[in-house]
Every structure is written in C-alpha cells, then in structure tokens.
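Scroll down for the structure; my scribbles are underneath it.
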Amino acid sequence: MTTLILTVAGADRPGLVAAVADVVDAHGGNWENSSLAELAGTFAGVIEVSVPTERAGELETALRALQGQGLLTLSVLTGAPEAAADDDRLLEIQVLGNDRPGIVREVSGVLNAHALSIEELATETRDAAMAGGRLFEASVTAKVPADVDLDALRADLERIAAEIQVDITLG
C-alpha cells in the first residue's frame, strides 16, 4: 500500500468532498484521515489516503483532473506513517486571550525550542462577548519526547503567557 497526502483548497461549494471521495473510491483508495474546513469562503484541507501501490499513479492523475472542476489547488504527496517512539507522549495545550499578532509564533517557538512536534493545531478568533474586541483560542496537541524537561517547558510557556497576555493551560 502507498499513502498519499492530499491538500485541497477551492472556493467553497457543495460537492467538493464528494468529488474527491468519488475519485479515491474509483481507484481503490481508502480515505484514512482528514482535516477539512471552510475558512473565509475557501474550503481547504488535508486528506490521508491509502491506495494499492500499483494504482497510486492513476489515482494521482485522476485527482489532478479535479483541479479544473472547481478546486483551485490540489497537491499530492507520498507519505509514510511515522512510528512513534515507545516513550513519546502527547501533551494537550490550550491558549486563550485577546487576539493579537504573534501568538502562534510565540507558542510554537517555545514548543520548537523544547523539541516538541505539533501533531494538531486548531485556532479560532471570535468576538469577545462582554468586553468587546476579539478573542484568540488555540488547541494544540504536541508529541513530547521522553527526555523533555516538562518543568522547563511549563516555565517557558508561563513566561510567554505573561508577556503576550494569554492563558496557557497544559493537560
């Protein structure tokens, strides 16, 4: 089996997911994992598909034909599932505060400095109900190698939380 990683983006309209799913199915592929969303009128996402190795080329060709049918961009990459180290663990991180530029840069910089790998990142801005302005919220799942000093990581996250005035919660 071959793993293909598809990235899709296009003007949001009904049928985009169905079009991709139909092509994957028609070429013997299996839709494994995905993260898809509408953002500011654009539908975008990443999809992991497994397909028999001998059919991967024809599936990729068929998927590229979708670009002329409403998808603005489609990239197909060959991936391989990464085996997690036995002692790696996952850490959930929540960020909440007034929206301002640089929050993702600051938080991801600390995670990178401690050799954490972001497995999933979801962010959202929304109107603050009582205070006015905009709130920024992020949910991060990060892979933590066994040799990471969690106390030092926590201290660095608390330091930037104070500097950029957000709440950061580790779970």
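The values are calculated or read from the model by the stated rules, or taken from the named source; none is laboratory data. These figures come from a predicted structure and were not determined experimentally. Counting neighbours? That spans all protein chains shown, and the Cβs are built from the backbone with ideal geometry, glycine included.
Check the stretch 6-19 and report whether any residue there is within 21 Å of GLU119 (Cα to Cα) and crowded, with 18+ Cβ neighbours inside 10 Å. Yes, some residue in the stretch 6-19 is within 21 Å of GLU119 (Cα to Cα) and crowded, with 18+ Cβ neighbours inside 10 Å. Based on what the data block shows, is ALA142 assigned to a strand (DSSP E or B) and in contact with a helix residue (DSSP H, G or I) (Cβ under 7 Å, 6 or more places away or on another chain)? Against the criterion (assigned to a strand (DSSP E or B) and in contact with a helix residue (DSSP H, G or I) (Cβ under 7 Å, 6 or more places away or on another chain)), ALA142 qualifies.
Being out of contact with any Pro (no Cβ under 7 Å at 6 or more places or on another chain), in the same structural domain as ASP99 (by TED's automatic domain parsing), surrounded by 14 or more Cβ atoms within 10 Å (Cβ to Cβ) and farther than 11 Å from ASN98 by Cβ is a description that does not apply to ALA155. Quick check: is even one residue across the stretch 124-131 of a type outside the set (A, V, I, L, M), out of contact with any Gly (no Cβ under 8 Å at 6 or more places or on another chain), modelled with pLDDT of 95 or more and outside the structural domain of ALA40 (by TED's automatic domain parsing)? Scanning the stretch 124-131 turns up no residue that is of a type outside the set (A, V, I, L, M), out of contact with any Gly (no Cβ under 8 Å at 6 or more places or on another chain), modelled with pLDDT of 95 or more and outside the structural domain of ALA40 (by TED's automatic domain parsing).
Suppose we filter the stretch 121-147 for residues that are farther than 25 Å from ILE47 by Cβ, exposed (fewer than 15 other Cβ atoms within 10 Å of the Cβ) and in contact with a Ser or Thr (Cβ under 9 Å, 6 or more places away or on another chain); how many remain? Summing the residues that are farther than 25 Å from ILE47 by Cβ, exposed (fewer than 15 other Cβ atoms within 10 Å of the Cβ) and in contact with a Ser or Thr (Cβ under 9 Å, 6 or more places away or on another chain) in the stretch 121-147 gives 2.
When the stretch 5-33 is filtered for residues that are assigned to a helix (DSSP H, G or I) and either in contact (Cβ under 8 Å) with a residue 12 or more places away in the chain or of a type in the set (A, V, I, L, M, F, W, C) (or both), the ones remaining, listed by number, are LEU16, VAL17, ALA18, ALA19, VAL20, ALA21, VAL23, VAL24, ALA26.
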